[in-house]
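Student: Below is the structure I would like to discuss, written out as structure tokens.
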Amino acid sequence: MSADLRVRPLAEADIPALDDLGHRAPGLWAHRLDEQSRYISLTLVASIGPNPIGHAVLTWEGPRGTPDISDVWVVPSHRRQGVARFLIESCESVARDQGMTRVGLSVGVENHAAQALYSSLGYLETPDPPFEESGEWTDAGGIVRAWSEWVRYRVKSL
Ligand SMILES: CC(C)(COP(=O)(O)OP(=O)(O)OC[C@H]1O[C@@H](n2cnc3c(N)ncnc32)[C@H](O)[C@@H]1OP(=O)(O)O)[C@@H](O)C(=O)NCCC(=O)NCCS
């Protein structure tokens, strides 16, 4: 892991560089910043120098009533260097500081890299059957696109 790796809450100044990564819909980061200001979620941004290289979102009250981690993503050029691990451990640390005792997340049944990541960090699969998550996003051309993924839920005691 690079000694220059830093993780910090999303700030207004990060938005142009995050938009430049081009992997999320324009407007998402402003939406997340708004949620952050209303204590709905916290977006953590990983960076080396001034450049964002990854992110994760901690939603304070997830679908199962506990904090939930989502949208963990690392730029391909910086994968397998411990960035996602650092982001998730940072989410856990913030949740623990707020008195939370559990954190959960859902992971795609086909996403073997993410499954290995969460297993290595102690996230245990719940016995619940897989379920489908879906939503919409707007691409850079303004076209609304649908996504869906079969996932399983995992939890970790803090
Ligand atoms: C999954 C993802 C977030 C991992 O990010 P990363 O920064 O490369 O992960 P880390 O370097 O912190 O990996 C920590 C551990 O997770 C496991 N892991 C991570 N990626 C893996 C892979 N591709 N294959 C197998 N194990 C993997 C390993 O145990 C790894 O430890 P090691 O490198 O010492 O063996 C990244 O590949 C990514 O952004 N993928 C696309 C988005 C995505 O799928 N997000 C998860 C949504 S639930």
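Student: Out of Glu89, Glu133, which single residue is within 12 Å of the ligand (Cβ to nearest atom), outside any loop (DSSP other than H, G, I, E, B) and modelled with pLDDT under 95?
Tutor: Answer to the check: Glu133.
Student: If only one of Gly141, Gly62 is assigned to a loop (DSSP other than H, G, I, E, B), crowded, with 18+ Cβ neighbours inside 10 Å and modelled with pLDDT under 95, which one is it?
Tutor: Every option except Gly62 fails the conditions.
Student: Please go through region 1-52 and give me each residue that is in a loop (DSSP other than H, G, I, E, B), touching a Gly at 6+ places or on another chain (Cβ under 7 Å) and not acidic (Asp, Glu), ordered by number.
Tutor: The one that is in a loop (DSSP other than H, G, I, E, B), touching a Gly at 6+ places or on another chain (Cβ under 7 Å) and not acidic (Asp, Glu): Met1.
Student: Quick check on my filter: what residues within region 99-120 are more than 8 Å from the ligand (Cβ to nearest atom) and part of a loop (DSSP other than H, G, I, E, B)?
Tutor: Residues satisfying the conditions are Gly99, Met100, Thr101, Val109, Glu110.
Student: Among (1) without any contact (Cβ under 8 Å) to a residue 24 or more places away in the chain; (2) surrounded by 13 or more Cβ atoms within 10 Å (Cβ to Cβ); (3) of a type outside the set (Val, Ile, Thr), which single condition is Leu10 missing?
Tutor: (1)
Student: Related question: Name the single residue, out of those in region 49-59 being over 16 Å from His23 (Cα atoms) and surrounded by fewer than 18 Cβ atoms within 10 Å (Cβ to Cβ), that is modelled with the highest pLDDT.
Tutor: The first filter runs over region 49-59 and keeps only residues over 16 Å from His23 (Cα atoms), leaving 49-50, 58-59.
Retained after the next criterion (residues that are surrounded by fewer than 18 Cβ atoms within 10 Å (Cβ to Cβ)): 49-50.
Details: Gly49: 89, Pro50: 86.
For region 49-59, the residue satisfying everything is Gly49.
Student: Of the residues in region 99-151, how many are more than 22 Å from Pro76 (Cβ to Cβ) and charged (D, E, K, R)?
Tutor: Total satisfying the criteria: 6.
Student: Looking at region 145-158, I want the residues that are in contact (Cβ under 8 Å) with a residue 24 or more places away in the chain and farther than 30 Å from Gln98 by Cβ and have a partner that is part of a strand (DSSP E or B) and of a type in the set (D, E, K, R) with Cβ atoms under 6 Å, at least 6 apart or on another chain. Which pairs are those?
Tutor: Listed by first residue and then by second, the contacts come to Trp150/Glu132.
Student: I've got another one for you. Of the numbered conditions (1) within 14 Å of the ligand (Cβ to nearest atom); (2) under 15 Å from the mean Cα position of the chain (by Cα); (3) small (Gly, Ala, Ser); (4) exposed (fewer than 14 other Cβ atoms within 10 Å of the Cβ), Ser77 satisfies every one except a single condition; which is it?
Tutor: (2)
Student: Which of (1) surrounded by 12 or more Cβ atoms within 10 Å (Cβ to Cβ); (2) of a type in the set (D, E, K, R); (3) modelled with pLDDT of 95 or more is the odd one out, the single condition Glu110 does not satisfy?
Tutor: Among (1) surrounded by 12 or more Cβ atoms within 10 Å (Cβ to Cβ); (2) of a type in the set (D, E, K, R); (3) modelled with pLDDT of 95 or more, the lone unmet condition for Glu110 is (1).
Student: Right, something else. Condition check: assigned to a strand (DSSP E or B) and either in contact with a His (Cβ under 6 Å, 6 or more places away or on another chain) or closer than 30 Å to Gly142 by Cα (or both). Does Trp73 satisfy that?
Tutor: Against the criterion (assigned to a strand (DSSP E or B) and either in contact with a His (Cβ under 6 Å, 6 or more places away or on another chain) or closer than 30 Å to Gly142 by Cα (or both)), Trp73 qualifies.
Student: Also, I was wondering about something else. Find the residue count for region 129-158, including only residues that are more than 19 Å from the chain's Cα centre (by Cα) and basic (Lys, Arg).
Tutor: 1
The values are calculated or read from the model by the stated rules, or taken from the named source; none is laboratory data. Predicted model only: the values in this text are computed from it and were never measured. Note: ideal-geometry Cβ built from the backbone for every residue, glycine included; neighbour counts use all protein chains shown.
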